[in-house]
Each structure stands twice: as C-alpha cells, then as structure tokens.
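This report concerns only the one structure given below.
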Amino acid sequence: MGLGTRWTQFRPRGRVATFADLNFKGAGQVFFQENSLTGVLFLAGIAYGAVVAKTPQVLLGAVIGLLVSTITAIALQPDEPSLRKGLYGYNGVLVGAALPTFLGITPMLWFYLVVASAASTVVFMATATVCKTWGVPALTFPFNLVNWIFLMGAFQFMRLRTTDLNPGQFPSQVTGAAAHVNITPGFLVEALLKNIAQVFLINNAITGAIFVVALVVSSVWAGVFALGGSALAIGASLAMGAPAPDIHSGLYGFSAVLTAVALGCVFYRPSPRVTVFAIFGVLVTVAIHSMLVSALTPVSLPPGTAPFVFATWLFLLPKKRFDPVQHEHLAGGAAEPSPLARATTSKSVNPLHEKENQ
Amino acid sequence: MGLGTRWTQFRPRGRVATFADLNFKGAGQVFFQENSLTGVLFLAGIAYGAVVAKTPQVLLGAVIGLLVSTITAIALQPDEPSLRKGLYGYNGVLVGAALPTFLGITPMLWFYLVVASAASTVVFMATATVCKTWGVPALTFPFNLVNWIFLMGAFQFMRLRTTDLNPGQFPSQVTGAAAHVNITPGFLVEALLKNIAQVFLINNAITGAIFVVALVVSSVWAGVFALGGSALAIGASLAMGAPAPDIHSGLYGFSAVLTAVALGCVFYRPSPRVTVFAIFGVLVTVAIHSMLVSALTPVSLPPGTAPFVFATWLFLLPKKRFDPVQHEHLAGGAAEPSPLARATTSKSVNPLHEKENQ
Amino acid sequence: MGLGTRWTQFRPRGRVATFADLNFKGAGQVFFQENSLTGVLFLAGIAYGAVVAKTPQVLLGAVIGLLVSTITAIALQPDEPSLRKGLYGYNGVLVGAALPTFLGITPMLWFYLVVASAASTVVFMATATVCKTWGVPALTFPFNLVNWIFLMGAFQFMRLRTTDLNPGQFPSQVTGAAAHVNITPGFLVEALLKNIAQVFLINNAITGAIFVVALVVSSVWAGVFALGGSALAIGASLAMGAPAPDIHSGLYGFSAVLTAVALGCVFYRPSPRVTVFAIFGVLVTVAIHSMLVSALTPVSLPPGTAPFVFATWLFLLPKKRFDPVQHEHLAGGAAEPSPLARATTSKSVNPLHEKENQ
C-alpha cells in the first residue's frame, strides 16, 4: 500500500543511521505509521509551520522530545522490536512540541522539557503494561498525561511562564455570536487540512497538506480516513454549532482525524461495517472533545489528543461474543459468611483467636 | 421470590414481542431485575412522573434511549444471553431520561440523544470488558460516563441549551440556614419514596411507590433493601446536616438505594453479615455523593448514580483471603540491572550495540 | 540491616500484645517498614508534633484511625500474613491524622472519622485486588482516595467544618514575590527534616528527626533514601522557583521522600542504576505534586501523598522486555464483520433472527 512498504522494510546500517531511523519512525508512529519517510515528512511539516508562525521553539522542542524519549527507551532496554518500530518516540515528540506551544520560553523550560520527554517513555511503558491486559494499545495517553502534568505543574514554578494558557473560568454556554462565521469553500478547505496539522499542534493548512502526503506514502487508507474523519468532524461540529473560529483552526477535528485512522484502517481492517463503526467513533470523539474543553476550563488546560485516546479505547475494548459479569450472586466476596464457620480446619485467619488457642 | 420468577422464565414468541421483551428487561436491569413486568412498571412510573411534572420529554427520551441502545447492541452482536437479559438496555434508558432533564429542548437535542444512547452500548461493552478482569459488573458506570460527556459537551454547542444546569461555582460549606427544614412524617415518607424514584431522575413520591411495587413483583428482597437503604440514607444525611431540601427531593438517597440493593441481595446472598456490609456501603455512598456534589460544582455537573457505582465497586472488589502485593523487592522491573550484563546470550536488546557488533 | 530485623521477627504472645503489634506495624508500613519499633517511634513523633502544635486531635485521630482500620480488617478476615505485617493499618492511621488536620473539630467529625477509617480498609482491599493484576502494590492510594472523598464531602454537611481548607480559586502563576525567601542553612535543615515529618502531616523538624531514627532502626537504606529524596526535592523545587514557604514547611518534599524510599530500596534492590531511576522518579514526583496543587485549587483539596502514589506506580509498572500492543489489526473486535456471515453454525446471536427461524 503505497511507497511506504519499502521504507517499512528499510533497515539502516551503522549506529548513527539506525538511531536516526528509530527517531523518524517515532515521529511516524504519531499516526501509527512505522515508516521513516513519513516521519521525515512529519518533521518537515512541523518545521514549515513553526517557521511560518515564527515559533522555531516548537520544532526545537519536538526534536529534543523525540531524541530524549528514544534515548531514555534505549537506556531502559525494552523489547527490541517495538523500539525498532518507533513506539518509544511518538509520545516524546508530541510532549516536545506541546510544552513550548503552551508555556513561555525561559531557560528552565528546556530542563523541564527534557524531564517531561524522558518521563513520557516511562509513562508509555506503564500505560502499555496496563493496556495489554485488554489487548488495546497505549495510544497517545502517555503524551496527554505528561502534557497535563507538566503544563499544570508550571503554575507553581516561578521560572516557568503559563501566560499563554487561558485564564481559569467556569464553563459557559457557547452562543450564536461566538459561533458565527461565514462558511466559505476556503474555510472548509483550511479546516480540513488544519485538522490534520493540529495533530502535531501546528495551525497551518500547508503543513496539513504535507502531512497528508506523509500518510499516503505509507498507507493510502490512512490518508483517506484522515481526510474523511476531518470532513466528518467539520460537518458534525458545524451542525451542532461549535465555535466556528475553533473549527477553522482545526481544534475540533484533530482528535477525530486520529480516531478515524485508528478505527478505520489501523486497528480494524477497512470494510463498510468498520467504516460505519469509525464514523460513530468520530462523532463520539467530537462529543468527548467538547466535554474536555468545558471540563478543563477551570484549570486552564487544553484537551490535547485525549478525546481520541478515550474514544478509541471505548471502541476497541468491546469484543465480539463478550460475556459480561451478570447481575447475580458473585462468589468469594469479603462480605460473605466466613468459610471458617463452616470448615473444620484448625487454622484461624484471626491472629487474635489463634493466640487464644495456644 | 415474588411474581417475578415467572416473568424471568417468560420467553416471548415472534420478532416484535421478543424485541419488546428485551427492552422491558433493559428497563428492569436498572435495578438488576431481569423481569419484563418490572420494566413495564418502571416505564409506567416514569410516565406518571413525567406527565405530572409536565416534562413528557423525559419519558420520550427514556424510550428512545432504551430502543437505540438495544438496537445498537443487536447490530454489534454481543453475547446472546446478556442481550436477552436486558443488559444492553439499562444504561440507554437512563441516558435518555437524563439528557432532556438537564438540557433544554431543541431539535438538535434529539440527534444528540440518539448518538449518546448508541454510545452507551459501546461504553457498556468496553466497561464490562475491563471490569470482568476482577469479576465485578459494569453497573451504571456507562450511563454516568456518557451522561457527563454529553452534558459537559453541550456547553460548546450553540444548538443545545445548558441553562438548567447550575452555573459553575467553587464549593462552599453548607450552613445551618441552607440545611434547615421542618422534619415531619410527610417529609420522611416523601423522601423515602423519592429516593427510589430519583434512580430514574423522577422527583415524585407516587412514582417511587410504583417502583417499589415493580421491585417486589420481581424480588421481595430488592424491595426491602431499597426501602431500607433509602431510610438509612435519610437518617445519615439528616444526622450530618446535609441540605434538607435536597434530602426531601430524594437527591441524597437514590445512589444509596442502588448500593443497598446491589450489596444486600443482588451480588451477595442476603444474610445478617451481608446486611452489616450493605449498611456500611450505604454510608460510604452518602459520603461519595456529597464529595461529588462538591467536586463537580465548578463544572456544573450532577453526580448521577456514580456514587453507587464507585461505592459498590469498592465493596465488591475485596475478596476473602486476598493476598496483596507486599512491600518488598519486585522482580522484573525496568530499573533492575540489565539481564544482559549477567547473561551469555549474544542477542542484544539495544539495536545500536547490535549494529556495532556487525 | 539495623536493629529492626529483630523486631520484624518479633512475635508477641497473648491477645492484647498481638493486637498492639499489628497496629504498631501498621504505622510502620506507612514507610513500608514491617517493624513494631518503627511504628512506636512514628507514633511518638506524631505525638511530639501534635503536642507542640497544640493539635492533640491529630494524634487522637491517628490512633483512632489505626485501631478502626485494623479492627475492620480483622472483621473482614483477609489473608493472615498481610494482616500480621500491618498492611491493613497504614492507610487508616493517615486518614485519622488527615481529617482533624483539615476539618474543624465538631462532635460529628469523630463519627465521620470512624466511617472513613473503616472505609480505608475496604478501599485498600479493593485497590490491592486491582493493582495485583500488574504486580504493583496499593501504596497509599486508599488513604488519598478516602481523604479526598471525606474532605470534599464535608462541604455538604452542616455539622462539619471545612474552614481550614483553602477557599476555591482558579490556578494562578507563582511569581517572584511569592517564591522569594532567604535561603539559609537553617532553612535547608528544617526543610530536609520537615519533608519527612509531613508524611504524617506534621510540620515539625524534631518530628522529622524522630522519623529518621525510626527508619534507621528498621533499615539504614530507608533512612538514606528518605534523606536523599528530601534533599533532591528541595534542590529541584528551589531551582524551579516553587513557593519557598511551602518548601520550608516540607510540602514540596514529603511525596518525594516516599518515592525515593519506595523506588530506591523497597521495591527495587539498591544499586547505582536503581538510584538513577529513583532520582528520575523524585523529579517526576515533584512535577506531579505541583500539578495536583494547581489542579485541586478550584476544589480546595490538598494533594496528599497522591504524587508519590502516581509516580511510583508509573515507575514500577514498566517491565523489562515488555512487549506492548502494536499498531496493527487487532482480532476479535466488535466492529469486525460478523463471524456468522462466514460460519455454518445454525446458532444465531441475534434473538430476533432466531425467533424468525422458528
């Protein structure tokens, strides 16, 4: 499927090339693509968007985050196949892009970013351990958890700056005035592409176009579902009346894009039935995004890609022919009558009683 | 136990009757009763309360929620026995009753409610998958999660109305003035019955009485523990000085009623020891309810039946003779010295080193 | 390792002595020490701090919490070895110390405290059941959950007083003025010891010194990592510019102290590699503490030892050579095409279809 298969097979020679390959695949895995070329194009898209927006710190942070999380993984010696596939880098690159986006640039920010990026690898390993119990992937939960910890933590540190975060307030109902905008073809095309660019926190339609190319070289299906998920998220959020400037900036669609790709062609095989399921998942993702926007308002946090994570987990966990625990008596609970009262064993579980028997 | 056993055995003939039976049992399962007659009486109680309160949208929403969640389940083809027992309907009926209770009636509300009700089935399957690991049921966690997502999400959508939710504020200490009320026998009887009616979000004592009948036709124990849990919750919240108008409306007892039935006679066999355990569980439920009332104040959300879910999980998870992980060295952690340093295997887990060896 | 080994072996004779031993070990297990002498010294340190601060209710609460949680455990008949080691007491002693620290003294507080302490045992058993799935300990999560439930719940009860909790507000950036303090050797020594004393919510350097002695009699390593974790937390929070008065009071270090002991010498064997891992864990603990201080500001809650719990779980969960779920098609999901469409079995999972076949 596309140019990417050759790159998936690609095995570089030499220490530096191998390390670079790990990192490029790490960037690619943000969209579930084990493909170095995809990763290179993702970094190129970030670079373009960061330079245009005069925020080179976002590119620098992304690169540092990618390197630090990968190096941390090598030091912790996890399973080699996952390391080779870039699974230990995709959270770090996002942490590195997010912190300089939301926090002011101070010298201590870079120390903070290194600790956060290293932590993202530990959190990935912890999350993956828990998730494996139910056969689901960690997704970008590690990025979101680390992002929230380090953004919220910054309020307590004099040598960091949270001035770019929204001031805390109570949730309030969006009204017509706030949601109004003139919907033009230009609006729709920009929103379509920015939804994809914002996965890496870039508010730039050209970057979004570069990301589509990056996906297609690895998987045509990934490109199709990314664009389809983006379009559906725009339609749903316009229909419900979400704030149009946020729809335009891609904020109402980047989690939906990831959900569409994840459910539509990565974790399920593409099919009409799976497509219906993915459409449903995208609608729930938009609802969870809106919910987190409201719920996080008092603590000044952005929702990140958490809506994608929660929606995709909810849609991957149900198994066919699953048999839930029924509404009936459960055996072995602590409130049941003591087994000792019915047993003839002389061994007491109550040390006070045991002492008396001696 | 009661008239209900015959209904539990009841197997309808024909497609429409089977589908209706699934839905009635779905309503009955809100109180853990696989009983069509109980479900019919629950719907009758909702209808009575909704008509008296001039809120027919609550009845309409409940019916839509029930139908949509059941149809979604049929489409997802889960295990047939659970489907027959109504386990795929009890969260949907609550979602359908809750959204029109807390959100204003707009055309988009009904589309929103359909998505939410369908989502409740997916969330039930996801929750049940996770909960099964520890042998505990999903309870109404899916309803509560979906309810919170879609209520909070509504703030961001111009075509929905959150005006019936409390405006956000910081938690504040209840004082004597707010908690004062004249406690009369009428107060106590109404609170006793409204605690049961509020499980379906109905503020009506007659509905509560209908619900007691609905329980007794299925299980006398369920009726006894519902009334007992209700009485205990009233006593505890009056003793602590909770706001009396809220006690009167049944808000301090509906989660406690569910906990009492769940712990007292559904998941444990009724016994004196189990009754003591259930009493303890009801007290903790009242504390968790108060906690959630405070904690959710800044984000305008009601606690729903989440206090019942959390308390019942906490009281079902402990097993007899359980052996916890001890405070001692754990094997296999990522921080341990590398097994490679001690091993003679030539296979490296570090691809950089491996490359060098070539 | 120290005087403590003899006390670990100590098996008292007689009912009262056994019960006392269970409780002393319960106090010792707050720092993972199965050692009665350590527990006695911890209680002595609490007594000293409470008397000096004229808050005898903290000592009284700690003793009641310890007794009630241990008695509840005996009634629930869990595994005897864990009961003997004091694992059913360490959360109760903390609940008992915390509630009178943060809530005003009213008659109902003591009833509330008894319910909370008993609940801490049930919550410990529930948490340990869940945590055992991944081979990690429950830590003080039960204390923190119960503490948050009962502190937040108190806002809704007229007969309790939340006046000692901070009034709710939105998070705000710490500035130079708030963080400024004159750093002297006295400041550093007091912070070093108060970080250890605050594990039991005592703001007193002498108590901290008593606690160090209590640790060393059980394990020299525990004393070393407690002091090292404390020093590192002071350095990191001063470098980042956390509020200096809070650093001085030990608020920025008590979770870090627990993380350092847990990762450095309890759950991993002490080694240079483990020490590096523990240092990393302490830095993440300080970040999580700052995050929780910010995030809990709107609901007036203190972070308790939750930063230690979350950080230590994150650093214990990763296993060597762990193989995460990959980014590829997962089998068995509910969205997959129906197995019935491909199967020849006559058994339908859709009861509507089955009825039609009859």
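The values are calculated or read from the model by the stated rules, or taken from the named source; none is laboratory data. This one's a predicted model, so the numbers in the text were calculated from it and none came from an experiment. Neighbour counts are summed over all protein chains in view; Cβ atoms, including those assigned to glycine, are modelled from backbone coordinates with ideal geometry. Side chains are part of the model used for accessible areas, which takes the heavy atoms of the whole protein and leaves out ligands, DNA and RNA. Shrake-Rupley method; radii C 1.70, N 1.55, O 1.52, S 1.80 Å.
Structure data summary
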{"item": "Count of residues meeting criterion [within 14 Å of another protein chain (Cβ to nearest Cβ), within 26 Å of B:Val299 (Cβ to Cβ) and not in a helix (DSSP H, G or I)] in the stretch A:170-218", "result": "7"}
{"item": "Qualifying residue in the stretch C:197-206 (condition: among the aliphatic types (A, V, I, L, M) and in contact with a Leu (Cβ under 7 Å, 6 or more places away or on another chain))", "result": "yes"}
{"item": "Output for the stretch C:86-97, where each listed residue is more than 12 Å from the chain's Cα centre (by Cα) and closer than 16 Å to C:Phe42 by Cα", "result": "C:Gly86, C:Leu87, C:Gly89, C:Gly96, C:Ala97"}
{"item": "Top-ranked residue of the stretch A:219-233 - restricted to ones that are open to solvent by 10 Å² or more (accessible area, probe 1.4 Å) and within 14 Å of another protein chain (Cβ to nearest Cβ), ranked as nearest to A:His289 (Cα to Cα)", "result": "A:Leu232"}
{"item": "Which listed residue is in contact with a Gly (Cβ under 9 Å, 6 or more places away or on another chain) and either within 10 Å of another protein chain (Cβ to nearest Cβ) or farther than 24 Å from B:Ser218 by Cα (or both), from B:Pro78, B:Pro100", "result": "B:Pro100"}
{"item": "Complete set of residues in the stretch B:113-147 that are under 18 Å from B:Met158 (Cα atoms) and open to solvent by less than 10 Å² (accessible area, probe 1.4 Å)", "result": "B:Leu113, B:Ala116"}
{"item": "Filtered residue count, the stretch C:182-212, keeping only those that are more than 19 Å from C:Tyr90 (Cα to Cα) and touching a residue at least 12 places away in the same chain (Cβ under 8 Å)", "result": "14"}
{"item": "Any hit, the stretch A:185-192, residues being at pLDDT 95 or above and buried (at least 24 other Cβ atoms within 10 Å of the Cβ)", "result": "yes"}
{"item": "B:Thr133 within 9 Å of chain A (Cβ to nearest Cβ), touching a Gly at 6+ places or on another chain (Cβ under 9 Å) and within 17 Å of A:Asp323 (Cβ to Cβ)", "result": "no"}
{"item": "Hits in the stretch C:273-291 (condition: open to solvent by less than 30 Å² (accessible area, probe 1.4 Å) and either of a type in the set (Lys, Arg) or more than 11 Å from C:Phe308 (Cα to Cα) (or both))", "result": "C:Val274, C:Phe277, C:Ala278, C:Ser290"}
{"item": "Subset of the stretch A:148-157 that is within 22 Å of A:Leu87 (Cα to Cα) and either open to solvent by 10 Å² or more (accessible area, probe 1.4 Å) or among the β-branched types (Val, Ile, Thr) (or both) - its residue that is farthest from the other protein chains (Cβ to nearest Cβ)", "result": "A:Trp148"}
{"item": "Scope the stretch B:235-250; condition over 18 Å from C:Phe150 (Cα atoms) and not small (Gly, Ala, Ser); matching residues", "result": "B:Pro245, B:Asp246, B:Ile247, B:His248"}
{"item": "For B:Pro171: the one exception among (1) open to solvent by 30 Å² or more (accessible area, probe 1.4 Å); (2) over 21 Å from the mean Cα position of the chain (by Cα)", "result": "(1)"}
{"item": "A:Leu160 being more than 14 Å from chain B (Cβ to nearest Cβ), buried (at least 20 other Cβ atoms within 10 Å of the Cβ) and outside any helix (DSSP H, G or I)", "result": "yes"}
{"item": "Any hit, the stretch C:21-34, residues being farther than 22 Å from B:Pro324 by Cβ and at pLDDT 80 or above", "result": "no"}
{"item": "Whichever residue in the stretch C:251-302 is in contact with a helix residue (DSSP H, G or I) (Cβ under 7 Å, 6 or more places away or on another chain) and of a type in the set (Ser, Thr, Tyr) and, among such residues, is nearest to C:Ala233 (Cα to Cα)", "result": "C:Tyr252"}
{"item": "Single residue of the stretch A:320-342 satisfying the filter (open to solvent by 60 Å² or more (accessible area, probe 1.4 Å) and among the acidic types (Asp, Glu)) that is modelled with the lowest pLDDT", "result": "A:Asp323"}
{"item": "Of all residues in the stretch A:95-112 being of a type in the set (A, V, I, L, M) and part of a helix (DSSP H, G or I), the one that is surrounded by the fewest Cβ atoms within 10 Å (Cβ to Cβ)", "result": "A:Met108"}
{"item": "Residues that are open to solvent by 20 Å² or more (accessible area, probe 1.4 Å) and small (Gly, Ala, Ser), drawn from the stretch C:206-218", "result": "C:Ala209"}
{"item": "Residue match in the stretch C:64-80 (condition: touching a helix residue (DSSP H, G or I) at 6+ places or on another chain (Cβ under 6 Å), more than 21 Å from A:Ala334 (Cβ to Cβ) and part of a helix (DSSP H, G or I))", "result": "yes"}
{"item": "Residues that are within 20 Å of A:Leu301 (Cβ to Cβ) and at the interface with chain C (Cβ under 10 Å from one of its Cβ atoms), drawn from the stretch A:109-127", "result": "A:Tyr112, A:Val115, A:Ala116, A:Ala119, A:Val123, A:Thr127"}
